[in-house]
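Remarks on the structure that follows.
The values are calculated or read from the model by the stated rules, or taken from the named source; none is laboratory data. Just so you know, these numbers come straight off a predicted model, no measurement behind them. All Cβ positions, even for glycine, are placed from backbone atoms using ideal geometry, and neighbour counts span all protein chains on display. SASA here: full protein model, heavy atoms, side chains in, ligands and nucleic acids out. Shrake-Rupley method; radii C 1.70, N 1.55, O 1.52, S 1.80 Å.
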Amino acid sequence: MKNNYFGVIMAGGIGSRFWPLSTTEYPKQFHDILGTGRTFLQNTFDRLKKIIPVEQIYVVTLEEYVDLTLQQLPEISESQVIAEPSGMNTAPCNLYAAKLIQETDPEANIVVAPSDHVILNEDIFIKKLEIALKESEEKESLITLGIQPTRPDTGYGYIQFIDNSKSEIKKVKTFTEKPGIELAEVLYKSGDFLWNAGIFVWKAKTILSAFEQHLPEMFESFQRIKNPLSSEKGKKEIKSIYSTVQMISIDNGILEKADNVFVIPSSFGWSDLGTWKSLYENSEKNGGNNVKKGKHILTYNTKDSLIYTSQNKAIIVDGLEDYIVVNTRRALLICPMDKDQAIKAFVSDLKLNKGEKFT
């Protein structure tokens with residue numbers, strides 16, 4: 001553990017594909033969906049503190065989730081929560097975090113991790129981070145951890161790498177957005193594509209240089225801020241410019257353009273639990289190959305389904321196959337398993353037709 005290691009946990013998403021459990025008021029990163037006794041956010045924090053000093057782990061989230069973040073992570077101070085005025089995708093928040101951390105330590109070496117991933121083999125995960133941190137310390141590299149795919153999956157982006165060295169660190173050739181099933185099968189079989197896990201390692205000055213080169217307008221907007229970003233005056237200046245910057249991901253804005261991007265092929269039991277289907281796939285099955293999350297659930301003639309309740313009520317399901325059933329205090333979802341990617345659209349329709357109280 002080196003004193004210039006910093007962590008950034010990205011925890012600003014709404015997680016609408018996990019509706020109705022994940023809502024605007026209480027997004028999925030603050031839930032213990034797996035029943036481990038720790039929320040997604042807490043589990044991510046627990047992993048990073050194995051390699052990064054607790055006082056140097058920052059959480060980027062929306063202003064409305066600052067109190068919730070501090071409740072769930074009592075080990076951190078309010079100054080370690082980077083509050084975004086609005087959600088503008090992952091490029092602005094990474095620029096914000098890198099500039100703020102550089103004020104503390106100009107030589108900062110940063111691990112960026114989403115708040116809602118599952119990692120089963122944390123020892124291997126830490127070893128891969130150590131390799132990446134050593135590399136980014138010594139070279140001006142932007143490094144990502146790529147996951148060895150286990151199936152053709154349309155829910156993930158893909159990273160193509162050039163396998164021309166014995167080093168664990170490979171040069172990135174291309175990024176591919178979430179593909180259709182036919183292309184996903186081609187990428188999976190090729191052997192030189194990895195899933196994009198959205199876990200990054202870079203020095204603050206390296207990523208800031210990349211912003212200056214590839215997103216100069218956004219970089220200049222932040223450069224115009226006169227006060228330290230950690231100060232109250234700096235936070236006010238952030239508010240004045242934040243909604244004016246481009247809404248773009250760090251992948252599209254930086255990584256797809258830069259020529260110093262490298263990937264470490266990895267297998268550490270990773271899953272981006274982004275949908276109810278992914279929760280089903282990563283959970284223990286019982287009779288009928290069903291997953292039941294709740295104390296009082298009975299199923300009849302039902303198989304290959306997920307039944308989840310956050311309420312202390314009896315749920316009886318009869319005659320379903322390949323279905324998702326989720327019951328919460330405010331809403332009930334009944335949806336075919338293969339429509340799980342459509343839940344985000346369902347939530348948009350619900351908000352449009354019934355207002356925001358259910359979303």
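Points worth noting:
- At the residue level, ASP192 shows approximately 50 square angstrom of accessible surface with a 1.4 angstrom probe and all protein chains present.
- C-alpha long axis of helix 232-242 to longest principal axis of the chain, angle in °: 70 degrees
- Under Karplus coefficients 6.51, -1.76 and 1.60, residue-wise ³J(HN,Hα) of the stretch 258-274 in Hz, glycine/proline x: 6, 9, 10, 9, 10, 10, 10, x, 9, 9, 9, x, 8, 8, 8, 6, x
- Taking the accessible area of the stretch 1-95, probe 1.4 Å, and keeping the other protein chains in place, the carbon and sulfur fraction comes to 48%.
- Most mobile of VAL291, VAL81, VAL263 in a GNM of the chain (Cα contacts under 10 Å): VAL291
- Between helix 90-104 and the chain there is an angle of about 50 degrees, using the helix long axis and the longest principal axis of the Cα atoms.
- Between HIS296, HIS31, HIS117, the GNM of the chain built on Cα springs shorter than 10 angstrom shows HIS296 fluctuating the most.
- Phi-based couplings in Hz for the stretch 70-87 (Karplus 6.51, -1.76, 1.60; Gly and Pro marked x): 5, 5, 7, 10, x, 6, 9, 9, 4, 5, 8, 9, 8, 8, 7, x, 7, x
- Set LYS127/LYS235; LYS203/LYS344; LYS128/LYS205 screened for pairs whose C-alpha atoms are more than 31 Å apart: LYS127/LYS235; LYS203/LYS344
- In this structure the stretch 239-288 gives 42 Å² per residue of accessible area when probed at 1.4 Å with all protein chains present.
- Accessible carbon and sulfur surface of the stretch 96-243 relative to its total accessible area, %, 1.4 Å: 49 percent
- Each label was represented as a point 7 Å from its Cα along the Cα-to-Cβ direction; for GLN311 and SER165 these points are 5.7 nm apart.
- Residues in the stretch 40-131 average 35 Å² of solvent-accessible surface per residue, probe 1.4 Å, ligands and nucleic acids excluded.
- Distant alpha-carbon pairs in the stretch 204-359 (separation over 21 angstrom), percent: 66 percent
- Computed accessible area, TYR26, all protein chains, 1.4 angstrom probe, square angstrom: 80 Å²
- Residue-normalised accessible area of the stretch 140-224, expressed per residue, 1.4 Å probe, Å²: 48 Å²
- Rounded percent of accessible protein surface that carbon and sulfur make up, the stretch 316-359, 1.4 Å probe: 51 percent
- On Cα atoms only, tilt of 122-138 relative to the major axis of the chain in degrees: 20 degrees
- C-alpha center-to-center spacing [the stretch 149-223, the stretch 287-359] in angstrom: 33 Å
- Accessible heavy-atom area order of ARG330, ARG17, ARG47, ARG38, highest first, probe of 1.4 Å: ARG330, ARG38, ARG17, ARG47
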